[in-house]
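Here's the structure, in structure tokens; my notes come after.
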Amino acid sequence: MQNRPLSNRRIANVAIFFTWAMLIVYFFQVILNYIYEVAGPLFVAEDMSAFLKFTALYLVATLSIVVFIIIYLIIFLVWFYRAYANLHEVNAMPKYSKSWAVWSWIIPIVNFYLPFQILKEMYAKTAQLLSDSPERDRLKNGVPTVNIFWALFLICIAFDIVYFVSIFPDLSVFFDISMFILLVPAARYTAKIIDDYAQAEEQLLSEKGFIC
């Protein structure tokens, strides 16, 4: 049974907010890691109890950051799923089922290419259905943006893997700072993709008479 498409703009706005908020949170994580790496040995040398208290605070802060990142990923997946589901509801004949909008990001190996294919399909099919408008032009000209976004995503994943298998623990601060530098353009392109597509999606649903 076909369902009525739902406006995705509010979720898109929340996802954009969390994209930038996550970058700020990661920045604080880098600072915490640096303090722990530098100040930790000093605490051990001077006061073990102070070191244990500092370690407990560090672990609580790190856990809070991990929880925040999980919340962000859930919000992003909700936006992505609804955006792809709406394509189904307006009879755009998407190639994959709705559920693949989520599973494509979760299943190992598959998540290296399928989300990219789905995102490109979202851009292409939405542009085909839209009448002439700035939103349509933005999607038709947005292929380089999608390509850069995905390249940054893969680079960040590769960098993360290198970090975890690294045999040079003394370079952890360097890896943290380098990852933050990579995340700055990644966050920018993520926010741009969400915003550009949300505007086009809103226009499409309006043209189809689903929202006023």
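The charge dipole of the range 86-193, taken about its Cα centre with unit charges on the Cβ of Lys, Arg, Asp and Glu (plus for the first two, minus for the last two), comes to roughly 380 debye. Of the chymotrypsin sites (Phe, Trp or Tyr not before Pro) found in the range 87-149, the ones in coil according to DSSP and having at most 12 other Cβ atoms within 10 Å of their Cβ are 113. Within a straight-line Cα-Cα reach of under 22 Å, residue 192 can be paired with the following lysines, leaving aside sequence neighbours fewer than 8 residues apart in one chain: 120, 125, 140.
Between 92, 124, 158, the Gaussian network model of the chain with springs among Cα atoms under 10 angstrom shows the greatest mean-square fluctuation at 158. Scanning the chain for DSSP H helices at least 15 Å long along the axis (C-alpha atoms) with a Kyte-Doolittle mean no lower than 1.0 picks out 9-46, 48-89, 143-164.
Taking only the C-alpha atoms of the range 9-207, the Rg (one decimal) and the largest Cα-Cα distance, Dmax (whole number), read 20.2, 70 Å. Each 5 Å bin from zero holds the following percent of Cα-Cα pairs in the range 78-170: 2, 12, 19, 21, 18, 11, 6, 4, 3, 2, 1, 0. Normalised by the number of residues in the range 9-207, the average gap of Cα pairs under 8 Å and 6 or more apart makes the relative contact order 32 percent.
Values quoted throughout were computed directly from the atomic coordinates according to the rules given, and no laboratory measurement underlies them. Keep in mind the model is a prediction, meaning the values are calculated, not measured. Note that each Cβ is placed from the backbone with ideal geometry, even for glycine, and that neighbours are counted across all protein chains shown.
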